[in-house]
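A short worksheet on the structure shown next.
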């Protein structure tokens, strides 16, 4: 596809190209809210120094190298006990669509970009982001500077079909023409209970673009199941709170401010260990499928394979084992962790429970939801063996 027609066709959703960056930089630098955020995140710079460095960047990758990469190094040092990614099953010279479980709104894809560079990849990844998170114009500019493409949500059915087609075609273009990696979550929104399941609708969208049958189209995206494991989820108490609100308030929906709070909490909160694990690319699995199967059966088989690969490669922490024991009371689980592990996790739970500010706070319900968040990865991993 010629560059001009690419720019025009995908203009509403794609990341900014290099020639569009200077204008985007100026819009950002003129925004007072953006200035306040930057001076908070990068206190070592004056805003004028930041602006000078930003204007010197010629590509989005340069922006990431200059600002995002050092920020993430510092964040891991301050808010985790360390982070890494096992990528032995894939070839860093190739480009892939990473489809992962979804824990954190901002950091799931941000850490992937960092770990790709750490593991020898020449580039980072383009990021699928829902437009529900882009209510502020400067945020929309910022994510497109940061190699994000936009997933339109809550559209009427006819518009949704057209939007899904455009999104799928863009993903195929990014992988096969731009030679970029792509990250997309396995489902719309985070799995609040950590019971990760690939939505077949995501796979159906991915198979709209490209050429050939369903299997061919998915193979063209070179899908890699990616397991994301945080020892602690800083947003766990916010997720539990939302579950009670949905239980108690008919048609409850989060506000834009709730999303901002989740993003802030996820970034600055302590995560303990952070581990990413790339399963083998599923191209060889796809090649074994019976292409005469009904499409629904094909998508179900692919979703189940992705789920199993994600489950198998979770990193299980002591807190996961303690949570399963506290949830089930099974004595056989008691031998899997130490008394110190249990005391540490109980203290952590107590602290997270104390942060939940609800008028009719249901302690038993909330504690059970928190325990499930940490037990479910272990339960799913055992079932996947």
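The values are calculated or read from the model by the stated rules, or taken from the named source; none is laboratory data. Just so we're clear, the structure is a prediction, and the values are computed from it rather than from any experiment. Cβ sites come from the backbone with ideal geometry, for glycine too, and all protein chains shown count toward neighbours.
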Quiz item: When region 119-143 is examined, which residues are found to be over 16 Å from the mean Cα position of the chain (by Cα) and on the phi < 0 side of the Ramachandran plot?
Solution: 119, 121, 122, 123, 135, 136, 137, 138, 139, 140, 141, 142
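Tally time: how many residues in region 197-222 are at positive phi and either under 18 Å from the mean Cα position of the chain (by Cα) or in contact (Cβ under 8 Å) with a residue 12 or more places away in the chain (or both)? Walk me through how you get there before you give the answer.
Restricting attention to region 197-222, the residues satisfying the condition of being at positive phi are 210, 212, 222.
Right, trim to either under 18 Å from the mean Cα position of the chain (by Cα) or in contact (Cβ under 8 Å) with a residue 12 or more places away in the chain (or both) and you get 210, 222.
Residues in region 197-222 being at positive phi and either under 18 Å from the mean Cα position of the chain (by Cα) or in contact (Cβ under 8 Å) with a residue 12 or more places away in the chain (or both): 2 in total.
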Quiz item: Looking only at region 104-142, which residues are touching a residue at least 40 places away in the same chain (Cβ under 8 Å), part of a helix (DSSP H, G or I) and touching a strand residue (DSSP E or B) at 6+ places or on another chain (Cβ under 7 Å)?
Solution: 108, 109, 111, 112, 115
Quiz item: Which of the residues spanning region 149-191 are at pLDDT below 95, farther than 16 Å from residue 129 by Cα and crowded, with 18+ Cβ neighbours inside 10 Å?
Solution: none
Quiz item: Here are 257, 264, 245: which of them is part of a helix (DSSP H, G or I) and in contact (Cβ under 8 Å) with a residue 24 or more places away in the chain?
Solution: 245
Quiz prompt | Single unsatisfied condition, residue 261 versus (1) farther than 23 Å from residue 380 by Cβ; (2) in contact with a helix residue (DSSP H, G or I) (Cβ under 9 Å, 6 or more places away or on another chain); (3) at pLDDT 95 or above | solution = (3)
Quiz item: Among the candidates 287, 279, which residue alone is touching a helix residue (DSSP H, G or I) at 6+ places or on another chain (Cβ under 8 Å), over 22 Å from residue 195 (Cα atoms), assigned by TED's automatic domain parsing to the domain that holds residue 208 and modelled with pLDDT of 95 or more?
Solution: 287
Quiz item: Could you say whether any residue in region 49-56 is surrounded by fewer than 17 Cβ atoms within 10 Å (Cβ to Cβ), more than 21 Å from residue 72 (Cβ to Cβ) and either modelled with pLDDT of 95 or more or touching a helix residue (DSSP H, G or I) at 6+ places or on another chain (Cβ under 6 Å) (or both)?
Solution: yes
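Which one of these is surrounded by 19 or more Cβ atoms within 10 Å (Cβ to Cβ) and either touching a helix residue (DSSP H, G or I) at 6+ places or on another chain (Cβ under 8 Å) or assigned by TED's automatic domain parsing to the domain that holds residue 84 (or both): 316, 306? So that I can check it myself, show each step before the final result.
Working: 316 fails: surrounded by 19 or more Cβ atoms within 10 Å (Cβ to Cβ).
Within the list 316, 306, the selection yields 306.
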Quiz prompt | Scan of region 143-156 for residues that are assigned to a loop (DSSP other than H, G, I, E, B), closer than 17 Å to residue 65 by Cβ and in contact with a strand residue (DSSP E or B) (Cβ under 7 Å, 6 or more places away or on another chain), ordered by number | solution = 147
Quiz item: All but one of (1) closer than 20 Å to residue 105 by Cβ; (2) part of a loop (DSSP other than H, G, I, E, B); (3) over 14 Å from the mean Cα position of the chain (by Cα) hold for residue 180; which doesn't?
Solution: (1)
Quiz item: Counting only residues that are closer than 20 Å to residue 180 by Cβ and part of a helix (DSSP H, G or I), how many does region 76-103 have?
Solution: 0
Quiz item: Is it true that residue 59 is touching a residue at least 40 places away in the same chain (Cβ under 8 Å), farther than 17 Å from residue 107 by Cα and surrounded by 13 or more Cβ atoms within 10 Å (Cβ to Cβ)?
Solution: yes
Quiz item: For residue 99, are the conditions met, namely being closer than 21 Å to residue 269 by Cβ, crowded, with 20+ Cβ neighbours inside 10 Å, touching a helix residue (DSSP H, G or I) at 6+ places or on another chain (Cβ under 9 Å) and not assigned by TED's automatic domain parsing to the domain that holds residue 378?
Solution: no
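Is one or more of the residues making up region 293-303 within 19 Å of residue 103 (Cα to Cα), at pLDDT 95 or above, in a helix (DSSP H, G or I) and in contact with a helix residue (DSSP H, G or I) (Cβ under 9 Å, 6 or more places away or on another chain)? Write out each step before concluding.
Taking region 293-303 first, the residues within 19 Å of residue 103 (Cα to Cα) are 303.
Subsequent filtering for residues that are at pLDDT 95 or above retains 303.
Filter again for in a helix (DSSP H, G or I), leaving 303.
Going one step further and asking which of them are in contact with a helix residue (DSSP H, G or I) (Cβ under 9 Å, 6 or more places away or on another chain), we end up with 303.
The answer is yes, given that some residue of region 293-303 is within 19 Å of residue 103 (Cα to Cα), at pLDDT 95 or above, in a helix (DSSP H, G or I) and in contact with a helix residue (DSSP H, G or I) (Cβ under 9 Å, 6 or more places away or on another chain).
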Quiz item: Do you know which residues across region 347-367 are outside any loop (DSSP other than H, G, I, E, B), in contact (Cβ under 8 Å) with a residue 24 or more places away in the chain and surrounded by 15 or more Cβ atoms within 10 Å (Cβ to Cβ)?
Solution: 348, 352, 353, 366
Quiz item: Which condition does residue 22 not pass, out of (1) at pLDDT 95 or above; (2) part of a helix (DSSP H, G or I); (3) under 23 Å from the mean Cα position of the chain (by Cα), if it passes all the others?
Solution: (3)
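Is region 334-346 home to any residue that is assigned to a loop (DSSP other than H, G, I, E, B), touching a helix residue (DSSP H, G or I) at 6+ places or on another chain (Cβ under 8 Å), at pLDDT 95 or above and surrounded by 19 or more Cβ atoms within 10 Å (Cβ to Cβ)?
Yes, region 334-346 contains at least one residue that is assigned to a loop (DSSP other than H, G, I, E, B), touching a helix residue (DSSP H, G or I) at 6+ places or on another chain (Cβ under 8 Å), at pLDDT 95 or above and surrounded by 19 or more Cβ atoms within 10 Å (Cβ to Cβ).
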